[in-house]
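Input: a single structure, listed below in structure tokens.
The values are calculated or read from the model by the stated rules, or taken from the named source; none is laboratory data. Given the structure is predicted, the values throughout are model-derived calculations rather than measurements. For neighbour counting, all protein chains shown are included, and Cβ atoms are generated from backbone atoms with ideal geometry for every residue, glycine included.
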Amino acid sequence: MRTKTRFPALSAALLGVVTAGAFVLSTGGASGHGYTDLPVSRQKLCANGTVTDCGDIQYEPQSVEGPKGFPAAGPADGQICNGGLSRFAQLSSPATPSGGAWPTTQVTGGQTYTFRWQFTAMHATTDFKYYVTKQGWDQNHALSRSDLDTTPFLTVPYNGQRPPATLSHSGTLPTGLSGHHVILAVWTIADTGNAFYACSDVTF
């Protein structure tokens, strides 16, 4: 009788451990990190339900992690907005999953803008860099390096520090741009080979 009562208890304990482990993995606890919400990024638009049918990214907007070293390295052209991760491919499409245009944030060239990141894991950080598309860029295909001014218009060094859960910093937006553009934010991690990518659609 002791054997019969011990094994179910042991099985229940093991099941609890397995379930807890699965929960951590399913909620992104092992891979969750950060995204931009000012200007609102494509992954945040999917997560907050503004854009629907986005697939996995709606549950983990913080997980667009790819190789660092952009623009010399990093995700391949056509996969920049999804960090090279095929399961987030919707982020690199020039249109939303429903076929409409990505919603944009109104900005003004030459003015100061406050960018904001939300973090679920605070990694040691090299820097934050921001790039924007060139005037006349091709909006009808997935973003490539040739669409971007590959010199960042804003670089925020972070010297290996760990950011707080929410981090804001300000910079001057480029001049000479009008209409729809994409701002690419890149958060480079100091102690891994990766960076995080966030594309935000804006209207100058």
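Pick from 61, 39: which is modelled with pLDDT of 95 or more, of a type outside the set (Val, Ile, Thr) and farther than 21 Å from residue 87 by Cβ?
After applying the criteria, what remains is 39.
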Query raised in the report: Within the stretch 40-61, which residues are in a helix (DSSP H, G or I) and buried (at least 23 other Cβ atoms within 10 Å of the Cβ)?
Result: 42, 43, 45, 46, 57, 61
Query raised in the report: Got a sec? Which of 182, 156 is assigned to a strand (DSSP E or B), more than 22 Å from residue 103 (Cα to Cα) and either assigned by TED's automatic domain parsing to the domain that holds residue 89 or touching a Leu at 6+ places or on another chain (Cβ under 7 Å) (or both)?
Result: 156
**Report entry** Yes/no for residue 155 being at pLDDT 95 or above, under 20 Å from residue 72 (Cβ atoms) and touching a Gly at 6+ places or on another chain (Cβ under 9 Å)
**Finding:** yes
**Report entry** Long-range neighbours under 8 Å by Cβ, at least six apart or interchain, first residue more than 17 Å from residue 199 (Cα to Cα) within the stretch 165-180, second loosely packed, with under 11 Cβ neighbours inside 10 Å and not hydroxyl-bearing (Ser, Thr, Tyr)
**Finding:** 172/111
Report summary line: Output for Cβ contacts, cut-off 7 Å, separation at least six or different chains, first residue charged (D, E, K, R) in the stretch 65-93, second assigned to a loop (DSSP other than H, G, I, E, B) and at pLDDT 95 or above, reads 65/83; 68/74; 68/193; 77/144
Query raised in the report: Going through the stretch 119-136 one residue at a time, which ones are surrounded by fewer than 20 Cβ atoms within 10 Å (Cβ to Cβ) and either polar (S, T, N, Q) or more than 15 Å from residue 35 (Cα to Cα) (or both)?
Result: 120, 124, 126, 134, 135, 136
Requested in this report: Say whether the condition of being of a type outside the set (A, V, I, L, M), under 19 Å from residue 183 (Cβ atoms), modelled with pLDDT of 95 or more and outside any loop (DSSP other than H, G, I, E, B) is met by at least one residue in the stretch 67-77.
Outcome: no
Query raised in the report: Quick one: is residue 92 surrounded by 21 or more Cβ atoms within 10 Å (Cβ to Cβ), modelled with pLDDT of 95 or more and of a type in the set (S, T, N, Q)?
Result: yes
